[in-house]
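Read the structure below first, then the notes.
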Amino acid sequence: MTSASADIPVITIDGPTASGKGTIAHRVAQALGWAVLDSGALYRLTALAAQQKGVDVGDEAAVAGVALDLDVSFQGEQVLLDGQDVGALIRQESIGNLASRVAAYGPVRQALLERQRAFRLAPGLVADGRDMGTVVFPDAPLKIFLVADVRARAERRCKQLKEKGISANLSGLLEDMRARDERDRNRANAPLVAAPDAKTVDSSSLSIDETVGIVLDHWSSLGFRAAARRAD
């Protein structure tokens, strides 16, 4: 990380799957006029690329090679892999489960680390994932750990999938989500855990607007304190 990039503010939003990280990150970034990093998309893209190339997903080195060579670009709503829009493909539950597996590989996480940090551009960045505040941007001035009851998260995901015309089974989603939570929390490399200085926000009974408001309030409060320190 360069000294110049260290001066660019970052808000990290970490949390378990379907806690609403992506939606909240985009809304907060929109309010601030900042860029967004959807780190989960990079792991989903790695999983999809490995699958498409016929790579054994049990081979950590081979999957890390795929991660290093990803030809990816984000253009508005489009997510391009080798020039093809795969935005819908990477949101499939099967790819999400595969991404959860490959995200546990240390070599894969290392391969994607600098690619993620390169998103830190002026005027600021909102980064969502599972280790944004603990590993990727440990110096972020505001770290949010967004949680929600697992049943609430499964119901949200089920609703999202059905709205997109994708068949979904609540009990199956609930079982998969619990398994992914367990895998994410107990992996050896960058486990899902709140940073010591993170603000935990439980969105189980909050609307999107309410959750965004809480994050922005945290940022505003921090900004006032930062301004006061600069004036001293």
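What to note about this one:
- Residue in the range 211-219 that is of a type in the set (D, E, K, R) and at pLDDT below 90 present: no
- Count - residues of the range 1-21 that are in contact with a strand residue (DSSP E or B) (Cβ under 8 Å, 6 or more places away or on another chain) and surrounded by fewer than 19 Cβ atoms within 10 Å (Cβ to Cβ): 1
- Residue match in the range 119-132 (condition: under 23 Å from residue 30 (Cα atoms), assigned to a helix (DSSP H, G or I) and at pLDDT 95 or above): yes
- Meets criteria (in contact with a Leu (Cβ under 8 Å, 6 or more places away or on another chain), buried (at least 20 other Cβ atoms within 10 Å of the Cβ) and assigned to a helix (DSSP H, G or I)) for residue 24: yes
- Scanning the range 154-180 for residues that are of a type outside the set (Gly, Ala, Ser) and either more than 17 Å from residue 20 (Cα to Cα) or in contact with an Asp or Glu (Cβ under 9 Å, 6 or more places away or on another chain) (or both) yields a count of 9.
- Residue that is nearest to residue 10 (Cα to Cα), among those in the range 32-68 that are touching a residue at least 12 places away in the same chain (Cβ under 8 Å) and of a type in the set (D, E, K, R): 38
- Of the residues making up the range 184-205, those that are crowded, with 17+ Cβ neighbours inside 10 Å and aliphatic (A, V, I, L, M) are 190, 192, 194, 195, 198, 201.
- When 70, 42, 112 are checked against the criterion of being more than 23 Å from residue 215 (Cα to Cα), outside any helix (DSSP H, G or I) and in contact with a helix residue (DSSP H, G or I) (Cβ under 9 Å, 6 or more places away or on another chain), 70 stands alone in meeting it.
- Close pairs from the range 76-87: first among the aliphatic types (A, V, I, L, M), partner in a strand (DSSP E or B), Cβ under 8 Å, at least 6 apart: 79/72; 79/85; 80/72; 80/73; 80/74; 81/72; 86/79; 86/80
- Unmet criterion (only one of (1) part of a helix (DSSP H, G or I); (2) more than 30 Å from residue 166 (Cβ to Cβ); (3) not aromatic (Phe, Trp, Tyr)) for residue 139: (1)
- Test result for residue 127, surrounded by 17 or more Cβ atoms within 10 Å (Cβ to Cβ), small (Gly, Ala, Ser) and over 13 Å from the mean Cα position of the chain (by Cα): no
- Condition check for residue 151: in a helix (DSSP H, G or I) and either under 23 Å from residue 43 (Cβ atoms) or small (Gly, Ala, Ser) (or both): no
- Of everything in the range 71-83 that is surrounded by fewer than 14 Cβ atoms within 10 Å (Cβ to Cβ) and under 19 Å from residue 164 (Cβ atoms), the residue that is modelled with the highest pLDDT is 78.
- Qualifying residue in the range 90-105 (condition: in contact (Cβ under 8 Å) with a residue 24 or more places away in the chain, in a strand (DSSP E or B) and on the phi < 0 side of the Ramachandran plot): no
The values are calculated or read from the model by the stated rules, or taken from the named source; none is laboratory data. Everything numeric in this text was worked out from a predicted model, so none of it was measured. Neighbour counts run over all protein chains shown; Cβ positions are idealised from the backbone, glycine included.
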